Amino acid sequence: MNWLRHSFWVVMILLAGTSCRQEEEITLRDYPFIESLGVSDLNQTGVSVNFEIKKAGRNSIQEHGLEYFLSSPNANPTEFADVMKVSQAGSPSGEVGSLRIQYDLIDGRNYLVRPYVKAGETTVYGEFLPFTSLGTSPPVVTEVSPTSFYRSARITIKGDFFNSRIENNEVRIPELENDFRVTLLSATNQQLEILVENTSYNFQPTEQKFDLLIKSGGKTVTLSDVFSITVPSILSVEPRQVYVGEKLRIFTSYPELNITYDFLLQSGENFIQEIYPLTSLEGGVYEGSVRSLPTGPSFIRMSFPGYFSQYSQPIEILPSWEVFQDGLDVPQLHEFRKYPFGDRIIFWKNSGDEREKFYQLQVGNTSLEAFQDEANQPFQRIAELMVGLNDRYIYYGLGVEFSGNNEIHHKDFHRYDFQTGRWERLGDFPFDFSHVVKSFSVNGKIYAVLFNYLNFREYDPITDQWRLSEIQVPSEVRNSNSWVVVGDYFYFVSGNSTLQIKRYRIGGQVEPVANGPSLFNFQVNMSEWKGNLLISDGSNLYRLDLNTLRLNAIQRIYESPFNYFTSWPTSQGFLQALPVNGNSYIQENKVYRLIQEF
């Protein structure tokens with residue numbers, strides 16, 4: 001019996017031991033517990049928070065730290081967004097740890113803080129501890145850059161103990177508050193970034209130095225004589241020789257955040273042009289295009305309210321044009337129609353007089369030549385079709401004439417062969433109405449746009465046949481100012497006030513290509529030259545690169561200002577021929593050639 005009772009207690013002891021081990025294995029966690037112990041060393045440099053790690057889990061501690069935030073009577077500790085954090089990697093050195101909050105505390109404000117540990121995917125928090133802050137150390141400034149500015153600047157202030165909340169910082173330049181606005185852009189504990197902008201147009205720079213005041217987290221520091229106002233200057237310019245339309249790069253004494261001044265180029269006393277458009281690059285470097293100025297030295301200067309700074313060395317404007325021919329023996333031709341075609345310009349009068357001749361001026365010649373085969377030439381009329389093909393033929397005809405109140409529509413259609421010197425009568429135009437407002441050729445076909453008729457008329461030179469195209473003429477094409485065909489596209493100037501270049505492919509949609517400045521005159525001339533459209537409005541010249549679609553200025557021909565030229569792409573180069581004054585209509589018997597390479 002005794003042995004039975006003894007065996008019973010042995011079994012119970014063994015079972016109890018097994019149960020304890022199972023309970024330990026069941027309750028052993030992957031993460032530890034953390035207990036909040038209290039706050040200490042609460043002073044004007046911060047506060048320390050003490051905690052104890054209990055019952056370490058299977059996973060090692062990856063991070064420990066503090067979370068704290070401003071408290072209020074209605075604060076819900078489980079629902080808050082503006083949380084600040086102090087953290088350290090790994091585990092505390094012992095079970096009892098302490099971390100100090102030395103940033104982002106505001107004097108006199110109530111806070112809640114709790115410790116935490118992170119093990120694996122789990123973060124465990126201690127209880128919240130309340131405290132009333134005495135603030136942190138006042139801000140310490142170690143570097144301010146830049147310390148000199150004119151109209152605006154982005155300034156970086158480096159140091160320590162800045163409040164990382166923008167709203168808890170204030171940066172001022174007290175003596176300049178009537179003339180400048182200071183905006184805080186960003187804030188960290190070690191850096192503030194501000195934007196200084198001039199708000200007074202009449203502000204005048206002085207030799208005075210200006211203080212910097214920083215209030216951060218309720219603590220204030222003032223640095224004396226930090227800033228100065230310096231008028232910028234030009235240090236260098238590249239390149240020193242440049243064509244109109246090319247870019248200059250201008251290096252200034254220090255960077256301005258915003259462009260608050262102009263760069264001007266002046267040639268002599270009468271010619272001043274702004275460098276435009278102007279782009280601000282890094283480090284006080286600016287880049288802009290040279291607008292039209294005469295050949296020779298020009299001086300560049302910075303212009304801003306009340307001051308200007310001129311660079312001492314001149315910029316050389318290279319010539320874009322040369323005189324190709326002078327003293328041509330030709331009559332005054334402003335009453336003639338003109339049609340540049342390869343190495344010749346065709347002249348004729350649309351007077352309706354059968355005695356009027358067709359003429360040509362061949363490149364390099366000094367006088368006009370009448371067309372041969374006068375006996376078969378068509379009579380000249382208005383609203384006619386004139387199109388050149390294959391550098392050999394011109395097609396002429398259709399059009400109208402007026403007899404009293406009657407409008408006579410002509411159906412005859414002709415071709416002149418420059419190789420044989422003969423006119424040839426082609427098949428008549430098969431439609432009743434023949435008032436032509438535009439005519440051009442694309443891919444070997446001739447297209448006519450008729451007044452008040454919707455669709456193109458299309459002519460095939462191979463079959464000598466006209467047909468009514470099923471394609472309607474877009475209104476912008478019908479009303480276009482000047483045009484030229486390049487490949488499959490009809491490029492044209494749209495509008496009369498500003499330079500708007502568009503293009504159209506037969507059967508497609510009108511596409512915008514480029515926009516430019518205001519036009520000097522609506523009488524625009526446009527030609528194609530080596531992958532560029534060259535555009536003139538009687539005063540200004542522009543070049544549109546058809547690859548980049550970039551619009552640049554070209555130098556005016558200053559020997560013949562405010563004249564209208566006949567643009568003439570030839571085998572001898574791109575020519576501007578026989579300028580006519582827009583006011584007096586006096587013609588200069590000169591031809592100029594473009595010598596600037598693109």
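The values are calculated or read from the model by the stated rules, or taken from the named source; none is laboratory data. Just so you know, these numbers come straight off a predicted model, no measurement behind them. Glycine gets a Cβ as well: all are built from the backbone with ideal geometry, and neighbour counts include every protein chain shown. All accessible areas refer to the heavy atoms of the entire protein, side chains included, with ligands and DNA or RNA removed. Shrake-Rupley method; radii C 1.70, N 1.55, O 1.52, S 1.80 Å.
Can you tell me which residue is nearest to L533 (Cα to Cα) among those in the range 548-585 that are surrounded by fewer than 18 Cβ atoms within 10 Å (Cβ to Cβ) and in contact (Cβ under 8 Å) with a residue 60 or more places away in the chain?
Checked the range 548-585; the qualifying residue nearest to L533 (Cα to Cα) is G573.
Which is modelled with pLDDT under 55 and open to solvent by less than 80 Å² (accessible area, probe 1.4 Å), of S19, S36?
One residue alone meets the criteria, S19.
What pairs can you find where one residue is in the range 528-542 and of a type in the set (D, E, K, R), the other is at pLDDT 95 or above and surrounded by 18 or more Cβ atoms within 10 Å (Cβ to Cβ), and their Cβ atoms are less than 6 Å apart, with a gap of 6+ or different chains?
Short answer, once both residue conditions are applied: E528/V484.
Can you pull out the residues in the range 294-309 that are at pLDDT 90 or above and either over 24 Å from L534 (Cβ atoms) or in contact with a Cys (Cβ under 8 Å, 6 or more places away or on another chain) (or both)?
Correct list: P297, F299, I300, R301.
Inspect the range 324-340 for any residue being over 24 Å from V449 (Cα atoms), among the aliphatic types (A, V, I, L, M) and under 44 Å from the mean Cα position of the chain (by Cα) and give the result as yes or no.
Yes, some residue in the range 324-340 is over 24 Å from V449 (Cα atoms), among the aliphatic types (A, V, I, L, M) and under 44 Å from the mean Cα position of the chain (by Cα).
For (1) surrounded by fewer than 16 Cβ atoms within 10 Å (Cβ to Cβ); (2) touching a Pro at 6+ places or on another chain (Cβ under 9 Å); (3) part of a loop (DSSP other than H, G, I, E, B), each residue gets a yes or a no:
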{"position": "N365", "(1), (2), (3)": "yes, no, yes"}
{"position": "A375", "(1), (2), (3)": "yes, no, no"}
{"position": "P378", "(1), (2), (3)": "no, no, yes"}
{"position": "V387", "(1), (2), (3)": "no, no, no"}
{"position": "D391", "(1), (2), (3)": "yes, no, yes"}
{"position": "I394", "(1), (2), (3)": "no, no, no"}
{"position": "E401", "(1), (2), (3)": "no, no, no"}
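Pull up the range 332-358, narrow it to residues that are open to solvent by 60 Å² or more (accessible area, probe 1.4 Å) and free of Cβ contacts under 8 Å to residues at least 40 places away in the same chain, then point me to the one that is nearest to R415 (Cα to Cα).
This residue is K357.
When only residues in the range 439-464 that are of a type in the set (V, I, T) and part of a loop (DSSP other than H, G, I, E, B) count, which is surrounded by the most Cβ atoms within 10 Å (Cβ to Cβ)?
T463
Yes/no matrix, rows are residues, columns are (1) over 34 Å from the mean Cα position of the chain (by Cα); (2) over 23 Å from S482 (Cα atoms); (3) not basic (K, R):
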{"residue": "E559", "(1), (2), (3)": "yes, yes, yes"}
{"residue": "Y564", "(1), (2), (3)": "no, no, yes"}
{"residue": "P569", "(1), (2), (3)": "no, no, yes"}
{"residue": "Q572", "(1), (2), (3)": "yes, yes, yes"}
{"residue": "L575", "(1), (2), (3)": "no, no, yes"}
{"residue": "L578", "(1), (2), (3)": "yes, no, yes"}
{"residue": "N583", "(1), (2), (3)": "yes, no, yes"}
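Picking from R151, R172, which residue would you name as being touching a Leu at 6+ places or on another chain (Cβ under 9 Å) and open to solvent by less than 40 Å² (accessible area, probe 1.4 Å)?
When all the criteria are applied, what remains is R151.
Could you check how many residues of the range 200-253 are of a type in the set (A, V, I, L, M), modelled with pLDDT under 95, farther than 23 Å from S289 by Cβ and outside any loop (DSSP other than H, G, I, E, B)?
Within the range 200-253, residues that are of a type in the set (A, V, I, L, M), modelled with pLDDT under 95, farther than 23 Å from S289 by Cβ and outside any loop (DSSP other than H, G, I, E, B) number 1.
Quick check on the range 478-501. Is at least one of its residues in a helix (DSSP H, G or I), more than 22 Å from F574 (Cα to Cα) and either open to solvent by less than 50 Å² (accessible area, probe 1.4 Å) or of a type in the set (D, E, K, R) (or both)?
yes
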